[in-house]
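Structure first, commentary second.
No lab work stands behind these numbers, since they all come straight from the coordinates. Because the structure is predicted, anything quoted here is derived from the model rather than measured. Cβ placement follows ideal geometry from the backbone for every residue including glycine, while neighbour counts extend to all protein chains displayed.
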């Protein structure tokens, strides 16, 4: 007979608390968004309890000083709103869904890229989404009657930038979805983009336009990371460029730190192909089971390869 009295199962609430105790960039972004929402709700409650007749005016003042205006003259007088709007939520469900998407895809983002890049994509993606929103509202005639009073708010554009960036950076990564099984996150990113595009005429056009702007920034950022080493070390671009041309001598290739017999172009290409195949297998393993599913040897190989790149 087995004694289960001392069996301990992980507490989801403790796991939730430990995530925020880490003080990571991802948890900090979520905390800031939630804190701003809580502050606004506290103001609303206090004004209600004190029966302030101008309570709604106070909330409107907060809203108009933090939300992003579509009007260019108003924006010029409140340029900080291009930054603050991406942390502002009024409705609870708006906040909840944005933070859930940020949490899910932010964790995937951190499996491949640094916290610094996460914050960069969030902020620049949010700014890009805001600029697309402003540009569209001042360009297309359909918005001419509402541009003076239109405002944008919420983290959706910034979150879409993160979703798009990691989906195109790691296109083979898949997640488990209820009723659908394992689905590549790239497909989700594409579906969200198409959905936002075709939903523009149906309502909340400004929000959908901002989402598209954030998604486009994420796509460009991911493609830049995949096709260039500048993001890791600006000087590495020139080093690699020089190596590609200076390392070729009399039909032979040499590798950094290898002072033995140089090998021919055919041997070099074979070794390069084998290395690429191994990297592809490791990335495929990550997409199925996450980074923790790798062996120590695979993690070391991936780490050394990324440093060389």
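Using Cβ counts within 10 Å as a stand-in for footprinting exposure, how do 159, 194, 183 rank, fewest first?
In increasing order of surrounding Cβ atoms, one gets 194, 183, 159.
Take the Cβ-Cβ distance between residue 224 and residue 46 as r, set R0 to 51 Å, and report the resulting FRET efficiency rounded to the nearest 0.05.
Computed FRET efficiency for residue 224 and residue 46: 0.65.
Where in region 124-161 does the label zone of residue 103 land, with the point 7 angstrom along Cα→C-beta and an amide N cut-off under 17 Å?
155-156, 159-160
For region 35-98, just say rounded, prolate or oblate: build the C-alpha gyration tensor, square-root its eigenvalues into a ≥ b ≥ c, call rounded for a/c under 1.5, and beyond that prolate if a/b exceeds b/c, oblate if not.
Taking the square roots of the gyration eigenvalues as a ≥ b ≥ c, region 35-98 is oblate.
For a quick check: sort 191, 90, 134 by the number of other beta carbons within 10 angstrom, fewest at the front.
Ascending Cβ contact count within 10 Å gives the list 191, 90, 134.
Which length gain, in nm to one decimal place, applies between residue 31 and residue 56 when the Cα-Cα distance is subtracted from 0.36 nm times their residue separation?
6.4 nm
Evaluate the distance, in nm, between pseudo-label points positioned 7 Å from the Cα of residue 80 and of residue 179 along their respective Cα→Cβ axes.
About 4.5 nm separates the two model spin labels.
If each residue's Cβ is checked for other Cβ atoms within 10 Å, how do 301, 168, 198 rank with the fewest at the top?
198, 301, 168
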